[in-house]
């Protein structure tokens, strides 16, 4: 990519898109095409086509998506499959119609089978049943990968699908009903710490800023012995990557020379590459780590009546590593940074 290349970031206000935007700004790219939801509903095909026709982007980062944790996926399956299919269909098709040079489609590690061999290699795609709790989302993302492959095969496009592991960092979603596990735990431990300190005004402010606190958790906060109730057994393993590391990786991939980039698009294979840290941690150990960083002094109780999700989700990142990319932010450093931003941005420490 040239510094003056025209680059469209779909979803630039979200967790992933905002990180890509920060990275591109830092690297000196200034010709960026940005549209928020008020300016463009990317679920509407005609509106997306008008923007592409007007702006003619050279490169596209497709980071827009409807995302959420187990509760959100289980509660809103129709939205998860419809919204994500609409978004990627519109943008990928418009990219082809307007001769975009390269497109990078962001997916998720949940595309791989529930009981996938570990670590999960790219070639394990579609080799077994998916995890039922996020199947609609996973199917939409698999369709996006196959769409990239199909357009590359039929139209000789240069569309690459990148599958990141579990992400966290600035601009994350801390809504306790719709967030992923790591930001949800940060917020739960923080609220519980405030409750032990009797800082009810700060809890009220937190609720105004980040969404309602479920009634069952509110009851726990008013008990004499406050504890944090965590979904599942705590036994599943998860891999985490700071979103700034992801942004660094996708810009690195988009900027590869033609020979290396084209190797990833071999039409005999799915144009797919994993992005992760290559390290995993149990939900129990993650909970203990976040509890320590937040400074909560109470206990952790695991609710085994709630689903665990996939037992293990470790990505094989050997392909990316062979290209010369490695993450820079440790899990401890990343969580500390995310927590510091969470409290400093809102003055609810």
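Taking residue 162 as meeting all but one of (1) surrounded by fewer than 21 Cβ atoms within 10 Å (Cβ to Cβ); (2) touching a residue at least 40 places away in the same chain (Cβ under 8 Å); (3) in the same structural domain as residue 12 (by TED's automatic domain parsing), write down the number of the exception.
Checking residue 162 against (1) surrounded by fewer than 21 Cβ atoms within 10 Å (Cβ to Cβ); (2) touching a residue at least 40 places away in the same chain (Cβ under 8 Å); (3) in the same structural domain as residue 12 (by TED's automatic domain parsing), the one that fails is (1).
Okay, residues lined up against (1) in contact with a helix residue (DSSP H, G or I) (Cβ under 9 Å, 6 or more places away or on another chain); (2) not assigned by TED's automatic domain parsing to the domain that holds residue 307:
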{"position": "217", "(1), (2)": "yes, no"}
{"position": "221", "(1), (2)": "yes, no"}
{"position": "245", "(1), (2)": "yes, yes"}
{"position": "258", "(1), (2)": "no, yes"}
{"position": "269", "(1), (2)": "yes, yes"}
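May I ask you to say which residue of 46, 30 is surrounded by fewer than 18 Cβ atoms within 10 Å (Cβ to Cβ), modelled with pLDDT under 95 and over 29 Å from residue 174 (Cβ atoms)?
Numbers: 46 fails: modelled with pLDDT under 95.
Step by step, each of 46, 30 is checked, and only 30 is surrounded by fewer than 18 Cβ atoms within 10 Å (Cβ to Cβ), modelled with pLDDT under 95 and over 29 Å from residue 174 (Cβ atoms).
Count, please, the residues in region 173-198 that happen to be over 15 Å from residue 70 (Cβ atoms) and not assigned by TED's automatic domain parsing to the domain that holds residue 231.
Residues that pass the stated criteria total 1.
Go through region 97-127 and report how many residues are surrounded by fewer than 18 Cβ atoms within 10 Å (Cβ to Cβ) and in a helix (DSSP H, G or I).
3
Being surrounded by fewer than 13 Cβ atoms within 10 Å (Cβ to Cβ) and at pLDDT below 90 is the filter here; which residues of region 220-266 pass it?
Selection gives 222, 223, 224, 225, 266.
Applying the selection to region 87-109, what residues are within 15 Å of residue 66 (Cα to Cα) and at pLDDT 95 or above?
87, 88, 89, 90, 91, 105, 106
For region 1-23, name all the residues that are touching a strand residue (DSSP E or B) at 6+ places or on another chain (Cβ under 7 Å) and farther than 22 Å from residue 140 by Cβ.
As a first pass, look at region 1-23 and keep what is touching a strand residue (DSSP E or B) at 6+ places or on another chain (Cβ under 7 Å): 1, 5-10, 15-17, 20-21.
Scanning region 1-23 gives 1, 5, 6, 7, 21.
Are any of the residues in region 24-34 in contact with a strand residue (DSSP E or B) (Cβ under 7 Å, 6 or more places away or on another chain) and in contact (Cβ under 8 Å) with a residue 60 or more places away in the chain? Step through it out loud before you land on a result.
Of all residues in region 24-34, those in contact with a strand residue (DSSP E or B) (Cβ under 7 Å, 6 or more places away or on another chain) come to 24, 29, 31-34.
Applying the additional criterion that residues be in contact (Cβ under 8 Å) with a residue 60 or more places away in the chain yields 24.
There is at least one residue in region 24-34 that is in contact with a strand residue (DSSP E or B) (Cβ under 7 Å, 6 or more places away or on another chain) and in contact (Cβ under 8 Å) with a residue 60 or more places away in the chain.
Report whether or not residue 197 is free of Cβ contacts under 8 Å to residues at least 12 places away in the same chain, more than 26 Å from residue 143 (Cβ to Cβ) and under 25 Å from the mean Cα position of the chain (by Cα). Walk me through how you get there before you give the answer.
On the way: free of Cβ contacts under 8 Å to residues at least 12 places away in the same chain: yes; more than 26 Å from residue 143 (Cβ to Cβ): yes; under 25 Å from the mean Cα position of the chain (by Cα): no.
No, not satisfied.
The values are calculated or read from the model by the stated rules, or taken from the named source; none is laboratory data. Just so it is clear, the structure is predicted and the values come from calculations on it, not from any experiment. Cβ sites come from the backbone with ideal geometry, for glycine too, and all protein chains shown count toward neighbours.
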